[in-house]
Each structure stands twice: as structure tokens, then as C-alpha cells.
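Heads up, the thing below is written out as C-alpha cells.
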Amino acid sequence: MLAASNTVKVFLAVLATQIAVCAGQGDVGSVKLSGPKKIPVGKCKTYKAVAKGTPRAADQVYRVNFEAYDEDVLVDDFLNLSMRRDGVGENGAFTETWEFEVCCDADGYVEGTGESTAELYVRASGFRVLSPTWVKSNVITVKCVPPGADGDPHFDTWAAQRYSYHGQCDLVLFQSDSFANGLGLDVHIRTEIERFYSMIAQVAIKIGEHVLEVQHDNFFIDGVLGDAAMLPTTFSGYNLSREVQDKSYRSSFTIDVGDKHYIKIRIYKHFMSVSLIGDPKELQDSRGMLGRYSDGALVARDGVTVIEDPNEFGAEWQVRDTEPKLFVVDRHPQFPDRCFLPDPSIATKRRLRTDPNLIQQAETACEDAIDVETCLFDVLATGDIGMADASSF
């Protein structure tokens with residue numbers, strides 16, 4: 001009994017010593033998180049957390065523990081990302097940095113969350129044996145962004161870079177010769193100018209020798225008018241399905257190209273969007289309005305020249321007369337006649353609606369949009385609050 005008592009005393013003495021030594025070893029005062037708000041589907045981005053604090057007074061030694069979380073209403077989700085840093089401060093202070101990657105999986109979810117959006121933050125603490133004090137960083141809303149086009153129209157490249165092009169013509173959204181072991185994939189969009197805005201009016205997809213054309217109220221397969229009763233069906237060996245919501249105001253067409261990868265066309269009234277869900281590596285030769293696959297650069301048809309101006313880039317990827325015409329009916333302009341751009345006298349008047357109630361509704365509706373600025377523009381340009389989620393159902 002005496003030996004056991006002595007053992008407990010020794011243990012408590014050691015524990016007390018550890019607490020005394022470690023309690024002041026790296027007290028964190030602040031944590032700042034920085035990094036991008038958008039992550040391309042199937043890829044990763046780097047984030048940086050910077051912790052500042054006070055080291056132990058005796059020898060300037062500190063220890064910082066970092067952990068990354070997704071903020072939630074009930075319980076925050078640990079992202080299984082953590083790091084410990086040890087060091088020696090100077091002049092009674094230390095700064096420690098942790099860089100880490102956050103990824104979006106092929107399904108379009110932030111890894112570790114099961115959601116397409118995460119409220120990312122980092123917490124940090126100095127090393128303490130009992131009850132460490134955690135200091136929380138700022139929160140960054142991180143969103144997985146699939147490549148595609150939507151709205152007025154706005155384009156999200158393979159690298160989740162967003163730009164807008166308002167011309168009217170037939171455009172190569174993306175094209176891949178290597179898709180499905182050489183079967184080939186072409187996606188064309190037909191844009192249309194309204195008085196104060198523009199939109200995607202039609203979408204055509206060619207896989208192998210078969211073509212699907214979707215309009216806001218009709219669809220065609222190989223030039224033949226389709227009927228809703230024929231869906232779901234197969235299209236070039238892939239499953240093609242249609243979903244209708246809100247009567248006829250919202251609908252979508254989905255081509256399941258395998259391995260949890262989808263091409264999705266969404267329709268809201270007369271507006272259309274196209275997105276590629278997943279990240280099939282066989283599209284690495286992709287070219288067109290979505291930019292270069294490796295980095296999203298807006299490259300010309302030569303695959304090298306980078307074009308900075310969206311109007312010039314759009315003209316570069318107008319469907320040429322040497323390329324297959326995917327739409328059932330031609331519509332002016334057709335190459336070599338060039339894309340129409342908005343009339344400058346009207347374009348300068350692309351004024352947004354200023355109704356305070358609409359602005360307040362738009363700000364609320366666009367809070368979780370992939371790009372808040374372009375979402376607000378679409379709502380205020382059209383006066384239609386439904387534009388806030390026209391590409392997200």
C-alpha cells in the first residue's frame with residue numbers, strides 16, 4: 001500500500017512539473033487565415049494560417065497546435081487537418097505559419113464535409129497539458145466550383161477563374177478529342193443578346209456521332225424533336241435524364257458520363273447554364289471557352305497564346321465553318337461573320353435596378369452564390385430574384 005501511495009505521489013509530482021513547464025509555452029494571441037474562396041472541382045488549393053503570440057518568458061520557447069474546421073450551426077466539423085510547430089521567439093513574441101491544402105472531390109464536395117460549401121477556419125493554441133486555450137481565426141467561405149457557363153453569361157474555367165462574355169454567336173464551350181478513348185466530346189452554346197443583358201439560349205452536345213440539342217422549351221436528339229416520355233434514355237451509350245421543377249420554370253438535363261461524372265444543363269425560364277460535375281482526367285486535352293485544362297488560362301486555338309480580353313477570347317472560340325454544326329437551325333451570325341457585341345450606346349446603359357427592396361432581396365439570395373458580384377448583377381439586371389439560384393438546382 002505504501003509503494004502504491006509513493007507511485008501516485010511521484011506521478012502527481014511529474015504531472016505538476018509538466019503543467020508548470022508547459023502552461024506558458026506558446027500562448028497564442030491571434031490567428032489569421034488567408035486563401036482563395038473558390039476551389040475547382042477535383043483539385044486542391046493552398047491556405048495559410050498565421051499565429052502570433054507570446055513565448056515562455058524564461059527561454060522564449062513556444063509550441064503552437066493548429067487545427068482546421070468547417071464551421072457549422074450545431075457542431076463544427078474537424079477536417080482532419082492539423083499541425084504542431086515548435087520554435088524560439090524573439091523579443092517576447094513569435095509568429096508561426098502553417099500552410100495546408102483543402103480539396104474538392106470529384107463529386108463537387110469540400111473533402112471532409114460532404115458539402116459543396118465550407119465555412120473554413122483554423123484554431124490554434126499553445127501547448128498545455130490541461131485545458132488548452134484555443135484562439136479562432138477569421139472564417140473563409142470556400143466553394144467548390146465546377147467548370148461551365150451560366151447567367152449573363154459568366155464562364156468558370158477549369159481553374160475556377162470567372163469571367164463574362166456578352167457577345168451573340170455560337171461558341172465552343174469545350175471540346176475534347178480524347179474523351180472516352182477517342183469517341184470525342186463537343187459542347188457548343190448559342191448566346192443571345194437582350195436589350196440590357198445577354199444569355200445562353202441553346203446548348204448542343206455531341207458525343208461520338210450523336211447530338212443532343214436543348215432549348216428552353218424543347219430538345220432534339222440527332223435533329224429529331226424529342227418527347228418527355230422518351231426520357232430517361234441512352235445517348236451515345238450514356239444515360240440521359242431530365243428533371244422538371246416548379247412546373248415549367250426550372251428543369252435540367254443530365255448526361256451521366258460514368259465514374260460519378262456528369263454534364264448538366266439547367267434551364268430557368270429562358271436562361272440556361274451548363275456545368276461539368278466531376279473531373280474526368282480524359283478531358284485534359286479540352287479547349288474552348290473554359291480555357292486550358294491544366295491552369296484555366298484563356299488560350300487561343302494555337303494552345304499557346306493567352307488572350308486577356310474576354311471579347312477577343314469569345315471571338316476566338318466562335319464555332320468555325322470547319323467545325324461540326326451541332327444546332328438544328330443556323331442562326332446569324334455564322335462564321336466567317338463574326339460574333340455580335342452589345343451596341344455600345346446600349347451597353348453603356350446596362351444600368352441595374354435600384355429598387356431598395358429588390359436590392360435587399362438580391363443580397364440575401366446571393367449570399368451563398370459561387371460569385372456574389374455576378375449573382376447580384378444577374379438579379380438586378382433582369383429584375384428576377386430567381387436568377388440567384390438559376391444554375392444551382
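The values are calculated or read from the model by the stated rules, or taken from the named source; none is laboratory data. Please read all numbers here as calculations on a predicted model, not as lab measurements. Virtual Cβ from ideal backbone geometry, glycine too; neighbours counted across all protein chains shown. In case anyone asks, the SASA skips ligands and DNA or RNA and just uses the protein heavy atoms, side chains included. Shrake-Rupley method; radii C 1.70, N 1.55, O 1.52, S 1.80 Å.
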When only residues in the stretch 130-151 that are open to solvent by 70 Å² or more (accessible area, probe 1.4 Å) and more than 29 Å from the chain's Cα centre (by Cα) count, which is farthest from residue 381 (Cα to Cα)?
-> 130
Only listed residue being open to solvent by less than 30 Å² (accessible area, probe 1.4 Å), over 29 Å from residue 311 (Cβ atoms) and at pLDDT 90 or above, chosen from 171, 120, 185 | 120
Among the residues of the stretch 67-90, which ones are over 18 Å from residue 50 (Cα atoms) and over 24 Å from the mean Cα position of the chain (by Cα)?
-> 74, 75
Limited to the stretch 313-333, what total is found for residues that are over 16 Å from residue 157 (Cβ atoms) and either of a type in the set (A, V, I, L, M) or open to solvent by 20 Å² or more (accessible area, probe 1.4 Å) (or both)?
-> 14
Determine, yes or no, whether residue 162 is closer than 27 Å to residue 88 by Cβ and either basic (Lys, Arg) or crowded, with 23+ Cβ neighbours inside 10 Å (or both).
-> no
Of the residues in the stretch 269-296, those that are over 20 Å from residue 188 (Cβ atoms) and either touching a helix residue (DSSP H, G or I) at 6+ places or on another chain (Cβ under 8 Å) or free of Cβ contacts under 8 Å to residues at least 24 places away in the same chain (or both) come to 269, 281
Report, ordered by the first and then the second residue, all pairs with beta carbons closer than 7 Å, sequence separation of six or more or different chains, a first member in the stretch 93-114 that is free of Cβ contacts under 8 Å to residues at least 40 places away in the same chain, and a second member that is in a loop (DSSP other than H, G, I, E, B) and open to solvent by 50 Å² or more (accessible area, probe 1.4 Å).
-> 109/116
Given the conditions (1) open to solvent by 20 Å² or more (accessible area, probe 1.4 Å); (2) part of a loop (DSSP other than H, G, I, E, B); (3) modelled with pLDDT of 95 or more, and given that residue 294 satisfies all but one, which numbered condition is not satisfied?
-> (3)
Residues that are of a type in the set (A, V, I, L, M) and either in a strand (DSSP E or B) or open to solvent by less than 30 Å² (accessible area, probe 1.4 Å) (or both), drawn from the stretch 60-112 | 61, 64, 68, 79, 81, 83, 88, 93, 102, 110
Restricting the first residue to the stretch 300-318 and requiring it to be more than 15 Å from residue 171 (Cβ to Cβ) and without any contact (Cβ under 8 Å) to a residue 12 or more places away in the chain, which pairs with a second residue that is assigned to a loop (DSSP other than H, G, I, E, B) and open to solvent by less than 70 Å² (accessible area, probe 1.4 Å) meet a Cβ separation below 7 Å and a spacing of at least six or different chains?
-> 306/297; 306/298
Hey, among 198, 273, which residue is under 22 Å from residue 154 (Cα atoms), open to solvent by less than 10 Å² (accessible area, probe 1.4 Å), modelled with pLDDT under 95 and in contact with a His (Cβ under 7 Å, 6 or more places away or on another chain)?
-> 198
Restricting the stretch 276-291 to residues that are surrounded by 20 or more Cβ atoms within 10 Å (Cβ to Cβ) and either farther than 30 Å from residue 250 by Cα or touching a Pro at 6+ places or on another chain (Cβ under 6 Å) (or both), the one modelled with the lowest pLDDT turns out to be 277
Is there any pair with a first residue in the stretch 50-79 that is closer than 28 Å to residue 111 by Cα and a second that is of a type in the set (Asp, Glu) and not in a strand (DSSP E or B) whose Cβ atoms are under 9 Å apart and which are 6 or more apart or on different chains, and what are they?
-> 69/76; 70/76; 77/71; 79/111
Of the conditions (1) modelled with pLDDT of 75 or more; (2) open to solvent by less than 60 Å² (accessible area, probe 1.4 Å), residue 378 clears all except one; give me its number.
-> (1)
Pick from the stretch 201-227, criterion under 17 Å from residue 271 (Cβ atoms) and charged (D, E, K, R), ranking: least open to solvent (accessible area, probe 1.4 Å) = 213
